[in-house]
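Q: My questions will all concern the structure given below.
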Amino acid sequence: MAKERLLEIRNLRTSFFTHVGEVKAVDDVSIYIDRGETLGIVGESGSGKSVAMLSTMGLLSENGRVVSGEILFSGRNLAQLGEREMESVRGSEIGMIFQDPMTSLNPVFTIGGQITETLVKHRKLPKTEAKRRALEILASVMIPSPDRRINQYPHEFSGGMRQRVMIAIAICCDPDLLIADEPTTALDVTIQAQILELMKELKSRLGTSIILITHDLGVVAGMCDRVNVMYAGRIAESGTVRDIFRRPRHPYTLGLLKSVPNPNRMQKERLVPIKGHPPDLLKPPAGCAFAARCTYAMKICVNARPPVFDVAEGHQSACFLNHPDAPSVSM
């Protein structure tokens with residue numbers, strides 16, 4: 001049975017216009033997710049993962065702008081909607097869990113007030129009904145004693161509990177899509193596991209599609225169906241979790257895999273860091289953005305931007321090593 005496409009981003013370009021020039025944060029990126037799917041977006045800090053999703057939500061800072069491209073969601077191009085129209089989408093049809101719950105939650109309003117505000121605005125519920133629904137949602141994300149906790153403020157919650165509250169706010173209107181931006185950052189391992197298990201359970205129960213932004217490949221392996229690997233504002237490689245972890249076809253993906261421990265390997269292996277630094281997006285390179293750090297770089301990599309090659313069904317890589325005439329290398 002054919003899958004139903006929920007979100008499709010086509011050739012998105014997002015820039016930030018500063019006093020020193022244009023920062024091309026997202027450069028010709030295409031991403032899609034189907035209903036009921038979990039998509040991982042991975043890459044180093046500054047690779048454009050969060051900016052691509054903030055562009056989708058219409059939450060860019062004042063100096064940020066979607067320069068070109070389409071963001072198709074449920075038959076609408078979100079890139080063309082005004083702020084009032086986007087307000088009806090955010091929270092209602094697309095929910096987002098932000099990186100830092102302490103700075104994302106309003107410290108002067110109670111937890112209950114922040115949940116009920118969303119329900120009153122998007123679901124038009126009376127306040128008494130909104131509070132009842134808020135109590136149900138807090139219980140569903142495993143907040144203990146929700147009838148007491150609902151009247152407390154963010155500073156009275158631990159980091160893990162604040163992240164659960166962020167999830168509660170994001171799912172309170174049963175959105176079709178949930179975007180989770182580094183949802184386990186700064187949490188200890190036990191709490192990380194609980195948060196991820198909670199997201200799995202919510203996906204199973206509500207049928208929500210999830211886009212998971214992270215730099216943690218272990219989280220991707222346990223949570224996602226497909227993966228997009230981003231580098232310097234571009235998609236370097238995309239495919240299923242199996243493709244990316246077992247048959248990487250881009251040197252950057254291989255570098256990410258070699259720089260983290262693999263608990264499934266019988267023999268101990270030395271971790272290999274990726275040398276160098278990402279390019280300056282004020283002056284992005286003419287060729288492959290990864291060329292300066294790539295062990296396999298060729299002359300063409302410096303001078304020309306690689307096209308996207310189909311290396312298998314549903315598996316794409318933007319690397320000249322996948323060209324039929326490229327020298328054979330073992331990755």
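Q: What percentages, rounded to whole numbers, describe P(r) for the stretch 1-146 computed over all alpha carbon pairs with 5 Å bin width beginning at zero?
A: So the P(r) values, bin by bin, are 2, 8, 14, 18, 18, 15, 13, 8, 4, 1, 0.
Q: Among all the lysines, which ones have a C-alpha under 28 Å from LYS127's C-alpha, if same-chain residues fewer than 8 places away are not counted?
A: LYS203
Q: For the chain, what is the mean residue ellipticity at 222 nm derived from helices alone (per DSSP H run of n ≥ 4: -39500 (n - 2.57); sum divided by total residues; nearest 500 deg cm²/dmol)?
A: Working: 12 runs with 108 residues, N = 331.
-9000 deg cm²/dmol, from helical runs alone.
Q: For the chain, what is the percent of antiparallel DSSP beta bridges, rounded to the nearest 5?
A: On the way: 32 of 51 bridges.
Roughly 65 percent of the DSSP beta bridges within the chain come out antiparallel.
Q: If you don't mind, another one. Treating cross-link reach as a plain straight distance, find the aspartates and glutamates whose alpha-carbon is under 16 Å from the alpha-carbon of LYS121, omitting any fewer than eight places away in the same chain.
A: Leaving aside aspartates and glutamates fewer than 8 places away in the same chain, those within reach of LYS121 are GLU83, GLU85, GLU87, GLU93, GLU129, ASP174.
Q: Just to verify a number: FRET efficiency for GLU85 and SER328, C-beta to C-beta distance, R0 = 45 Å, to 0.05? Can you show the working numbers first?
A: Numbers: r = 51 Å, r/R0 = 1.14.
With a Förster radius of 45 Å, E is 0.30.
Q: Something else now. Using modelled backbone amide H atoms (1.01 Å from N, in-plane), which distant-in-sequence or interchain residues come within less than 5 Å of ALA236's amide H?
A: Answer set, sorted by chain and number: VAL229, MET230, TYR231.
Q: Follow-up. Tell me which label goes with the value of Rg and Dmax of the Cα atoms in Å computed from the coordinates here: [x] 21.5, 73; [y] 22.0, 83; [z] 20.8, 68.
A: Among [x] 21.5, 73; [y] 22.0, 83; [z] 20.8, 68, the one derived from this structure is [z].
Q: A further question on this structure: Starting from 0.36 nm per residue, how many nanometres of slack lie between HIS277 and ASP225 once their C-alpha separation is accounted for?
A: Values: separation 52, 0.36 × 52 = 18.72 nm, distance 2.93 nm.
Gain in length upon complete extension: 15.8 nm.
Q: Could you tell me how far the Cα centroid of the stretch 57-131 sits from the Cα centroid of the stretch 294-330, in Å?
A: Cα centroid of the stretch 294-330 versus Cα centroid of the stretch 57-131: 39 Å apart.
Q: When the label point is put 7 Å from the Cα of VAL189 along its Cα-to-beta-carbon vector, which residues of the stretch 20-63 have a backbone N closer than 11 Å?
A: Nothing falls inside the zone, counting backbone N under 11 Å.
Q: I've got another one for you. In whole angstrom, how far apart do the alpha carbon centroids of the stretch 4-25 and the stretch 151-199 sit?
A: 27 Å
Q: Mind listing the long-range amide H neighbours of SER68? Cut-off is under 5 Å, sequence gap 5 or more, other chains count too, H placed in the peptide plane at 1.01 Å from N.
A: So SER68 has HN proximity to ARG13.
Q: Would you please classify the overall shape of the stretch 144-190 from the alpha carbon gyration tensor, given that a ≥ b ≥ c denote the square roots of the eigenvalues, rounded means a/c under 1.5, and beyond that prolate means a/b larger than b/c while oblate covers the rest? List each step's numbers first, then the result.
A: On the way: a/c = 2.42, a/b = 1.13, b/c = 2.13.
Verdict is oblate for the stretch 144-190.
Rule-based calculations on the coordinates, nothing more; no lab input. None of the values given here were measured: they were computed from a predicted structure. Note: ideal-geometry Cβ built from the backbone for every residue, glycine included; neighbour counts use all protein chains shown.
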